[in-house]
Amino acid sequence: MPNSVRVLLSGGPDWVAVPTVWEVASLRDEPKVKILCGNAYEHFEFSGSYSLHEGERLPVYRWCRRTYVAE
């Protein structure tokens with residue numbers, strides 16, 4: 001993604017294997033992230049805080065809920 005922002009994903013169930021760092025177009029345009037994990041979506045939203053990750057200051061997106069894929 002050109003000019004994308006790297007964000008840190010935090011929280012959620014232990015079994016969810018999502019990348020720790022995710023890319024979004026912008027904090028303003030994507031205050032929420034939805035990631036497909038198996039038959040469900042894990043939702044994360046910008047917490048308003050930042051954290052250091054491997055020497056980089058990243059916005060933190062916290063897990064907020066799960067929804068299931070409609071069949």
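FYI, it's all coordinate maths here, none of it is from the lab. If you're wondering where the values come from, they're calculated on a predicted model, not measured in any experiment. Because the Cβ atoms are built from the backbone with ideal geometry, glycine has one as well, and the counts that use them run over all protein chains shown.
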message: What does the charge count around TRP63 come to, taking other residues whose C-beta lies under 10 Å from its C-beta (Lys +1, Arg +1, Asp -1, Glu -1)?
response: +1
Dipole-positive endmost among VAL21, TYR50, ASN39 within the chain (Cβ charges, Cα centre): TYR50
- prompt: Under unit Cβ charges (Lys, Arg +1; Asp, Glu -1), what dipole magnitude, rounded to 20 debye, does the chain have relative to its Cα centre?
  reply: 180 debye
query: In whole Hz, what ³J(HN,Hα) sequence does the stretch 57-66 give by Karplus (6.51, -1.76, 1.60; θ = phi - 60°), x for Gly and Pro?
result: 7, 10, x, 9, 9, 9, 5, 10, 5, 10
